[in-house]
Amino acid sequence: MIRKLIRRVLELPGGRTRKGIKPKIYPVTQHGVHRDRLSFAALKVTSRLQEAGFQAYVVGGAVRDLMLGVEPKDFDVATNATPEEVHHLFRRSRIIGRRFKIVHVMVGPETIEVTTFRGGEVGNKNETGRIMTDNSYGSQEEDAHRRDFTVNALFYDPSDESVIDYHHGVKDLQARKLVMIGQPARRYQEDPVRMLRAVRLAAKLGFDIDESTQKPIRSHAHLLKNEPPARLFDELLKLLHSGHGYQCLKKLTDEGLSHGNFPLLAAVMDEPGSEAFVKLALDSTDARIRADKPVSVGFLLATLLWHQVYNRWQQRIAQGEKPVGALMAAMSDVEALQDNDFAIPRRFSTTMREIWMLQPRFENRSGQRPFRFLEQPRFRAAYDFLALRAEVGEVERELVDWWTRFQSVNDEARLDMIASVRDDAPKGGAQRKRRRRRKKTGDGAGEAA
Ligand code: ATP
Ligand code: MG
């Protein structure tokens with residue numbers, strides 16, 4: 001309560017802070033993060049800046065993760081040097097960003113993002129309170145104040161291994177709480193993506209979202225509608241790579257951040273039949289991410305949007321269309337939506353489309369077709385996808401088992417397998433089988449992708 005009051009008092013209209021908050025400084029004996037936990041590049045960049053007379057700190061997610069004993073994904077550095085001064089100090093560096101310049105410094109295989117302290121003074125806002133310009137430099141204190149959560153606003157000084165805390169971040173970290181700096185409602189108005197970040201970081205870190213930070217989310221969810229789809233897509237990718245993808249999506253939906261506000265998410269969570277399938281897919285993705293195995297974004301997107309396609313596909317078949325043509329038409333329907341709202345980059349949508357297009361080919365098990373299919377570069381992804389479909393009862397298990405075996409045996413045994421499908425009654429393809437046999441469609445569907 002008292003903390004809240006202090007926060008209120010410190011905040012002046014227009015989002016500015018009173019200058020001169022004394023940060024709390026934690027020595028290494030209290031937090032235990034030694035400088036050898038930093039990457040080589042992070043240490044090199046901060047020490048070179050400091051030797052040149054500038055302030056330089058590791059900041060943000062990396063400090064938070066180190067204090068939690070988690071390996072940081074990457075290291076960001078904040079400094080009082082201007083981008084030009086930073087660029088001048090490092091031969092392998094480049095200035096990026098037009099509105100607000102930051103510097104990428106390359107050291108060996110690593111890239112360190114170096115940002116000049118930003119001003120706490122919030123620039124122009126539009127009628128919903130969204131920040132439109134935010135490009136002044138500032139002090140360390142101001143830089144801390146414009147960050148999102150208290151645990152994300154800690155600075156680590158490698159020279160003396162201290163942690164500098166302007167916003168009670170260390171205490172919140174110990175209490176495993178996400179607390180928005182300043183007034184949460186206003187901070188969501190300034191940047192609605194902070195609502196998605198709250199959900200993602202809480203799921204990723206296993207933190208609770210503090211009540212005052214959580215409360216305004218529902219009533220501000222509609223602001224997401226105005227965010228550029230590309231930014232929302234980036235945020236979705238981060239969610240999916242958090243190792244807690246399903247939990248994140250579920251929580252976003254529960255918080256009202258899906259329906260009507262985030263079209264891509266609504267397509268995933270609100271489509272009939274989708275949730276069970278998505279849960280299955282994300283559970284296995286989450287397990288892969290936690291085991292440090294790679295995941296394919298194209299595959300993930302194929303699972304997330306599958307029921308939009310599948311439901312339309314089945315509808316068209318029910319209206320008498322042929323399976324492969326119906327699938328292509330269903331995909332076009334869904335792609336039209338994507339082009340408008342989802343902003344999925346082509347490098348991902350191509351894989352996604354291929355995986356979908358290959359699904360009918362599993363039901364074609366005659367002649368040379370299974371052999372040709374095995375050589376398809378996307379066979380394995382399409383097969384993994386088929387296995388997921390079988391798990392929710394969309395195709396028969398027998399079909400997956402057949403393909404599992406087909407991959408593992410020699411050519412002679414494969415020919416036997418093909419012959420036994422021919423001899424057996426229709427299987428796997430269920431109700432679509434009979435029609436397709438007569439009309440002989442299906443094969444070659446994948447080549448068109
Ligand atoms: P992750 O572990 O997923 O990288 P992160 O907190 O490091 O989480 P980044 O997107 O890498 O997230 O951002 C780095 C830092 O920049 C954050 O810790 C936070 O201090 C600040 N930041 C990022 N996005 C925002 C935002 N929308 N509003 C305010 N501060 C932000
Ligand atoms: Mg980060």
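If you check A221, A230, A198, A203 for being closer than 27 Å to K22 by Cα and not assigned by TED's automatic domain parsing to the domain that holds H31, only one passes: A198. Quick one: is T29 open to solvent by less than 60 Å² (accessible area, probe 1.4 Å) and not aromatic (F, W, Y)? No: the conditions fail for T29. All of (1) within 13 Å of ligand 2 (Cβ to nearest atom); (2) open to solvent by 50 Å² or more (accessible area, probe 1.4 Å); (3) in a loop (DSSP other than H, G, I, E, B) hold for T111 with one exception: (3). The residue pairs whose first member lies in the range 183-204 and is closer than 21 Å to A62 by Cβ and part of a helix (DSSP H, G or I), whose second member is within 16 Å of ligand 2 (Cβ to nearest atom) and acidic (D, E), and whose beta carbons are closer than 7 Å, counting only pairs six or more residues apart or on different chains, are V193/E235; R194/D148; L196/E235; R197/D148. For Y57, the criteria (1) under 11 Å from Y156 (Cα atoms); (2) in a helix (DSSP H, G or I) hold in every case but one, which is (2).
Taking only the range 167-210 into account, find how many residues are acidic (D, E), open to solvent by 10 Å² or more (accessible area, probe 1.4 Å) and within 12 Å of ligand 1 (Cβ to nearest atom).
1
Considering each residue of the range 89-105 in turn, none proves to be within 14 Å of ligand 1 (Cβ to nearest atom), closer than 26 Å to K204 by Cβ, in contact (Cβ under 8 Å) with a residue 60 or more places away in the chain and part of a strand (DSSP E or B). Taking the listed residues A78, A62, the one that is modelled with pLDDT of 95 or more, in a helix (DSSP H, G or I) and within 16 Å of ligand 2 (Cβ to nearest atom) is A62, with no other qualifying.
Enumerate the pairs (first residue in the range 62-78 and within 13 Å of L43 (Cβ to Cβ); second residue anywhere and within 11 Å of ligand 1 (Cβ to nearest atom) and of a type in the set (S, T, Y)) with beta-carbon separation below 8 Å, excluding pairs fewer than 6 apart on the same chain, so at least 6 apart or on different chains. Between residues of the range 62-78 that are within 13 Å of L43 (Cβ to Cβ) and residues that are within 11 Å of ligand 1 (Cβ to nearest atom) and of a type in the set (S, T, Y), the close pairs are V77/T115. Listed by position, the helices (runs of 4 or more DSSP H) inside the range 211-318 whose residues that are in contact with a strand residue (DSSP E or B) (Cβ under 9 Å, 6 or more places away or on another chain) and loosely packed, with under 15 Cβ neighbours inside 10 Å number at least 3 form an empty set. E363 meets all of the listed conditions (1) surrounded by fewer than 19 Cβ atoms within 10 Å (Cβ to Cβ); (2) touching a residue at least 24 places away in the same chain (Cβ under 8 Å); (3) acidic (D, E) but one, namely (1).
The values are calculated or read from the model by the stated rules, or taken from the named source; none is laboratory data. Everything numeric in this text was worked out from a predicted model, so none of it was measured. Please note: Cβ atoms are built from the backbone with ideal geometry, for glycine as well, and neighbour counts cover all protein chains shown. Heavy atoms of the whole protein, side chains included, go into the accessibility calculation; ligands, DNA and RNA do not. Shrake-Rupley method; radii C 1.70, N 1.55, O 1.52, S 1.80 Å.
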